[in-house]
Amino acid sequence: MNIKKMETSTILLIFAAIFSIFLVVIAFHVCLTIGMPWGNTPWAGVLPKNRRTVLIVNQLICFAVGAIVWLRALRVGDFAVVQGLVVALFSVGVVLNVITPGKKERAVWAPITLILAVSAAVVAAL
C-alpha cells in the first residue's frame, strides 16, 4: 500500500471527524426548534416562532452538508464540485457569525464555523 495515500486518507478522516462537530450544530438547532430556551445566544436573544420553520430547513441542510463532507472524506463518489460549494457556504457562515450583533452568538459560533470551514476546505482539497 502506498504510504502517501495512507497519510492522505488519515488526514481526511481526521478532518472529517473534526467536521463531526456539525452534529453539535444540528443538535443545537433541534433544541431551538422544539422551543428550548437558550437565553440570548441565538439570534441575539430573539427567536420568533416563525423561525422554527427556518431551523427545520437548516437542520436538513446541515445533515446533507455533513453527509457530503463524510462521503468526500471516505472517497465515496465524486463530490468535488459540491464540496467546493460547501466550503463557500461555510466561508459565508464565518463572515455572518463574525458580524452578528449578538456578542455571545459571535463568541460561540464564529470559531465553530471557522473550524467547520477549514475542515471542509481540507477535505475538499485532498
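Quick notes on this one:
- Condition broken by Ala124, with the remaining ones in (1) open to solvent by less than 20 Å² (accessible area, probe 1.4 Å); (2) farther than 25 Å from Val30 by Cβ satisfied: (1)
- The numbered conditions (1) modelled with pLDDT of 75 or more; (2) open to solvent by 80 Å² or more (accessible area, probe 1.4 Å); (3) among the aromatic types (Phe, Trp, Tyr) are all true for Trp38 except (1).
- Scope region 70-95; condition part of a helix (DSSP H, G or I) and free of Cβ contacts under 8 Å to residues at least 12 places away in the same chain; matching residues: Leu71, Val81, Leu85, Ala88, Val92, Val95
- Subset of region 60-85 [open to solvent by less than 30 Å² (accessible area, probe 1.4 Å) and farther than 15 Å from Ile26 by Cβ]: Ala73, Gln83
- Residue that is farthest from Trp70 (Cα to Cα), among those in region 97-106 that are free of Cβ contacts under 8 Å to residues at least 12 places away in the same chain and surrounded by fewer than 13 Cβ atoms within 10 Å (Cβ to Cβ): Lys103
- Residue in region 41-52 that is surrounded by 19 or more Cβ atoms within 10 Å (Cβ to Cβ) and modelled with pLDDT of 75 or more present: no
The values are calculated or read from the model by the stated rules, or taken from the named source; none is laboratory data. As the structure is a computational prediction, the values presented were derived from the model and not from experiment. Every residue, glycine as well, gets a Cβ built from its backbone with ideal geometry; the counts of neighbours run over all protein chains shown. Please note that ligands, DNA and RNA were not included when accessible areas were found on the heavy atoms of the full protein model with its side chains. Shrake-Rupley method; radii C 1.70, N 1.55, O 1.52, S 1.80 Å.
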